[in-house]
Amino acid sequence: MATWKDVESAEPEFAARVRALFDAHKHQTIATLRADGSPRISGIEVQFTDGELTFGSMPGARKGRDLHRDPRFALHSASVDPPEGGAGWPGDAKVAGRAVHAVVSGEGAPDGELFRADLAEVVLTGLNAEATMLVIESWTPGRGLRRVERE
């Protein structure tokens, strides 16, 4: 597993493009696992602070309970429809890993819970310059960056 800082150190240009997609919109989507193992999708906001990717959960929220029970998650940036022909589509970003509960206390501490992402995979999906091929770039701590193009 890795921190966001690890991704930035290993692949700064890739990390900057992924972060730009997450920063482009306030709301993203997180998938967690319910007690019965089925998936739950929830809206969420994320922050990049001090080399960490963090996100919160309101007090008593189901996604927070999900993450305490089973910390595995997948997070997806907001996605916009590609323009006609596809050229200029910024793509979308995904991260997956484990949520680690971050204890925050004192004045200014948020209501609810804060989690930091322990990253297993970071993925950027887009189109090539001609908008003729799907381009999937993925990074893992053990393998590094890989790029695949598909028709």
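If I ask for residues that are in contact with a helix residue (DSSP H, G or I) (Cβ under 9 Å, 6 or more places away or on another chain) and polar (S, T, N, Q), which ones from the range 29-39 would you list?
Applying the first criterion (in contact with a helix residue (DSSP H, G or I) (Cβ under 9 Å, 6 or more places away or on another chain)) to the range 29-39 yields 30, 32-35.
If the condition is that a residue be in contact with a helix residue (DSSP H, G or I) (Cβ under 9 Å, 6 or more places away or on another chain) and polar (S, T, N, Q), then T32 is the only one that fits.
Output the residue which, of all residues in the range 49-71 that are of a type in the set (S, T, Y) and surrounded by 13 or more Cβ atoms within 10 Å (Cβ to Cβ), is nearest to L119 (Cα to Cα). Let's see the steps before the verdict.
Here is the first cut: in the range 49-71, the residues of a type in the set (S, T, Y) are 49, 54, 57.
Within this subset, residues satisfying the condition of being surrounded by 13 or more Cβ atoms within 10 Å (Cβ to Cβ) are 54, 57.
On the way: T54: 11, S57: 18 Å.
Of everything passing the filter in the range 49-71, T54 is nearest to L119 (Cα to Cα).
In the condition set (1) within 22 Å of M1 (Cα to Cα); (2) loosely packed, with under 12 Cβ neighbours inside 10 Å, V46 is compliant with all but (2).
Find the residue count for the range 51-77, including only residues that are in contact with a Lys or Arg (Cβ under 8 Å, 6 or more places away or on another chain) and not basic (K, R). So that I can check it myself, show each step before the final result.
The first filter runs over the range 51-77 and keeps only residues in contact with a Lys or Arg (Cβ under 8 Å, 6 or more places away or on another chain), leaving 51-54, 57, 62-63, 66, 71-77.
Next cut, not basic (K, R) only: 51-54, 57, 66, 71, 73-77.
Here the count works out to 12.
Considering the range 72-151, the qualifying strands (runs of 3 or more DSSP E), each wholly inside and each with 1 or more residues that are at pLDDT below 90 and surrounded by fewer than 17 Cβ atoms within 10 Å (Cβ to Cβ), run over 92-102.
On the stretch given as the range 40-70, residues that are at pLDDT 95 or above, touching a helix residue (DSSP H, G or I) at 6+ places or on another chain (Cβ under 8 Å) and hydroxyl-bearing (S, T, Y) total 1.
Test A2 against the criterion of being within 23 Å of R146 (Cβ to Cβ), more than 14 Å from the chain's Cα centre (by Cα), aliphatic (A, V, I, L, M) and surrounded by 13 or more Cβ atoms within 10 Å (Cβ to Cβ), and give yes or no. No; evaluated as a whole, the condition is false for this residue.
The values are calculated or read from the model by the stated rules, or taken from the named source; none is laboratory data. Keep in mind the model is a prediction, meaning the values are calculated, not measured. Ideal geometry is used to build each Cβ from the backbone, glycine not excepted, and the neighbour counts take in all protein chains shown.
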